[in-house]
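These notes are about the structure you will find just below.
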Amino acid sequence: MKPSTFARAALVAAAAVSSLAFAAAPAQAAPGARLGHHDCFQSTDWQGWSSPSPNILYLRVRIKDVYRLDLSAGSNQLQWPSNHLINTIRGSSLVCSAIDLDLAVSDGNGFVQPLIVKSIRKLTPEEVAALPKKDRP
């Protein structure tokens, strides 16, 4: 076998193995992926929030739904009990993806820090039940 023919055969084999490995991987939502149609919510349905760490927010929507928001650059300000979240609505108030949220954390005295949401996901009832009580929104 010529070296160039061998190199091509090796590339084809590597590509085949790679595509098989990709196909066998479990499907995961890409960062910033859209929620399913039935999981979208109106920002007015947002009832409360909590933050167990600077890069994670939990939103309580309606009565029983909880959404996890992963932040690209979080803030320690989220752990301060007197601070609050601000959501600026531009256009539709329907939230179906991370880009639909324009969040900031504020101390109510002029300090406002923008937050960038990189992903949003609705938690299953089992995941909500597994959250420590102090972390539930």
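The values are calculated or read from the model by the stated rules, or taken from the named source; none is laboratory data. Please read all numbers here as calculations on a predicted model, not as lab measurements. All Cβ positions, glycine included, derive from the backbone under ideal geometry; neighbour counts span all protein chains shown.
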Which ones in region 54-65 are out of contact with any Asp or Glu (no Cβ under 6 Å at 6 or more places or on another chain), over 14 Å from Val117 (Cβ atoms) and at pLDDT 95 or above? Arg60, Asp65
Please go through region 62-79 and give me each residue that is within 15 Å of Asp135 (Cα to Cα) and assigned to a strand (DSSP E or B), ordered by number. Asp65, Val66, Tyr67, Arg68, Leu69, Asp70
Single condition Ser97 does not satisfy, out of (1) under 14 Å from Phe41 (Cα atoms); (2) small (Gly, Ala, Ser); (3) in contact with a strand residue (DSSP E or B) (Cβ under 6 Å, 6 or more places away or on another chain): (3)
Kindly establish whether Ser97 is surrounded by 13 or more Cβ atoms within 10 Å (Cβ to Cβ) and more than 13 Å from the chain's Cα centre (by Cα). no
What residue, of Ser92, Ser53, Ser106, Ser82, is among the polar types (S, T, N, Q) and in contact with a strand residue (DSSP E or B) (Cβ under 7 Å, 6 or more places away or on another chain)? Ser106
